[in-house]
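A short worksheet on the structure shown next.
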Number of protein chains: 2
Amino acid sequence: MSISSRFAVGIHILALIDLNKETASSSEFIAGSVNTNAAVIRKIMGMLKKAGLIEVQPGVAGAKLTRELSEITLFDIYKAVNVVEENELFSIHDKPHPDCVVGKNIQSTIEPIFMAAQSAMEKVFQNLTLEDIVKDIEAKEHIK
Amino acid sequence: MSISSRFAVGIHILALIDLNKETASSSEFIAGSVNTNAAVIRKIMGMLKKAGLIEVQPGVAGAKLTRELSEITLFDIYKAVNVVEENELFSIHDKPHPDCVVGKNIQSTIEPIFMAAQSAMEKVFQNLTLEDIVKDIEAKEHIK
DNA sequence: AAACATGTAATCAATTCAGTTACAAGAACA
DNA sequence: TGTTCTTGTAACTGAATTGATTACATGTTT
């Protein structure tokens, strides 16, 4: 099991749009940097657009961020690319036997725990923005 | 995407073994409570056995916990049933283009963040034991 | 009109999951 | 002993998801 790389690719796309903002980043260009097919990029960019993170126009190359880097959290991207449904990171077997002490109660016992675990994970992304990503990339460049 | 229900089933199995400890819990019996096939239960019990959480003997019905309830964390179960590999909850696209500022650095920038998110999630399970689960189930029974 | 862009649908191979069947091998007991 | 019940495992299935790919309609620019 592994969470789709759409999330990582989404971050990559947005960071690239920003760092390359003097020239328009076509889906073909981004695909080259990510190392995948342009259609894959366009599909993910469609999700980012739908979430209101970027502006793209059909037929015209390049996309623009709709907000400041510091106003886009990793959680925004995470939600945009739809890698994990709300409260469904962990799946629970359904219809456990209702006549059994454990079967009767296990779901309501486990559910809040799974939700807490998912929330703890998502909180990490809520506390980080694209600005952190871009600054980290820039810092690495300056060292070299 | 969703993490395998093996985790939830593993918790169910162990709680049931404990709450039903006067009588032996065969895989058939447990399967009835979980509402699945006995072979599925035996496969998961094999994982729990391999992780040293239970003792089972081929041919003889019933399994026993090897430790106190309070000594078995949900994280132990999580690891036992192998639902998420170490540091691989999130996947990152590989071979991003090395000549691109973003492509060159994105992996090393994102990796520690993904690891931190996974750790935050796992920590929730490290801080809970089977005792918490069993007590919660018992409490629900007493209210009714 | 030609060239280039995005949007989107369809298809494909690979992987994973859970369920199912089947059967070998161990254990218990009449 | 031999019947019966158990665990341990392998093999197979259908469903779902992922990422890649191809194709093409549509929009934009010159």
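State whether chain B is rounded, prolate or oblate according to the following rule on the C-alpha gyration tensor (a ≥ b ≥ c being the square roots of its eigenvalues): a/c under 1.5 gives rounded; otherwise a/b larger than b/c gives prolate, and the remaining case gives oblate. If you can, show how the numbers build up before the last one.
Working: a/c = 2.97, a/b = 2.17, b/c = 1.37.
Prolate is the answer for chain B, as a/c is 1.5 or above and a/b outweighs b/c.
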Can you tell which of A:S108, A:S26, A:S119 shows the greatest fluctuation in a Gaussian network model of chain A with Cα springs below 10 Å?
A:S108
Phi-based couplings in Hz for the stretch B:97-113 (Karplus 6.51, -1.76, 1.60; Gly and Pro marked x):
5, x, 8, 9, 3, 6, x, 5, 10, 4, 4, 6, 7, 7, 3, x, 5
Whole-Å distance, taken between Cα centres, linking the stretch B:98-123 and the stretch B:31-62:
37 Å
Once you place label points 7 Å from the Cα toward the Cβ at A:K50 and B:K123, how far apart are they in nm?
3.3 nm
As a test of understanding, state the convex hull volume per residue of the stretch B:92-131 from its alpha carbons, in Å³.
53 Å³
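Shielding of A:8-19 by partners, i.e. mean partner chain Cβ atoms within 10 Å per residue?
Numbers: counts 12, 5, 0, 6, 10, 1, 1, 6, 6, 1, 1, 3.
Across A:8-19, the average partner-chain Cβ count within 10 Å equals 4.
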Among the listed pairs A:K50/A:K140; B:K43/B:K95; B:K43/B:K135; B:K49/B:K95, give every one whose C-alpha distance is greater than 29 Å.
A:K50/A:K140; B:K43/B:K95; B:K49/B:K95
Residue-wise HN-Hα coupling along the stretch A:29-44, computed from phi with Karplus coefficients 6.51, -1.76, 1.60 (Hz; x: Gly, Pro):
5, 4, 4, x, 5, 6, 6, 8, 8, 4, 5, 5, 4, 5, 5, 5
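On average, how many beta carbons from a partner chain sit within 10 Å of the beta carbon of a residue in B:79-87?
Shielding by partners across B:79-87 averages 1.
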Other chains near A:123-130: what is the mean number of their Cβ atoms within 10 Å of each residue's Cβ?
3
Per-residue ³J(HN,Hα) for the stretch A:84-96, Karplus 6.51 cos²θ - 1.76 cosθ + 1.60, θ = phi - 60°, Hz, x for Gly and Pro
9, 6, 4, 6, 10, 5, 9, 9, 10, 4, 9, 6, x
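Report the calculated FRET efficiency for B:N35 and A:N87 (r = Cβ-Cβ distance, R0 = 25 Å), to the nearest 0.05.
Values: r = 21 Å, r/R0 = 0.85.
E between B:N35 and A:N87, to the nearest 0.05, is 0.70.
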Explain nothing, just the number: relative contact order of chain A, from Cα pairs under 8 Å at least 6 residues apart, as a whole percent.
27 percent
Under the rule a/c < 1.5 gives rounded, and otherwise a/b versus b/c splits prolate from oblate, where does the protein assembly as shown land using the Cα gyration tensor?
prolate
For chain B, set up a GNM with springs between Cα atoms under 10 Å and report which of B:G32, B:G46, B:G59 has the largest fluctuation.
B:G59
Magnitude of the Cβ-charge dipole of the stretch B:6-143, K/R +1 and D/E -1, about the Cα centre, nearest 20 debye?
340 debye
At B:K21, label 7 Å along Cα→Cβ: distances to the other copies, nm, ascending?
6.3
Would you look at the GNM of chain A, springs on alpha carbons closer than 10 Å, and say which of A:F114, A:F125, A:F75 moves the most?
A:F114
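None of the figures in this text is laboratory data; all of them are computed from the coordinates on show. This structure is a prediction, so every number in the text was calculated from the model and none was measured. Cβ: placed from backbone, ideal geometry, glycine included. Neighbour counts: every protein chain shown.
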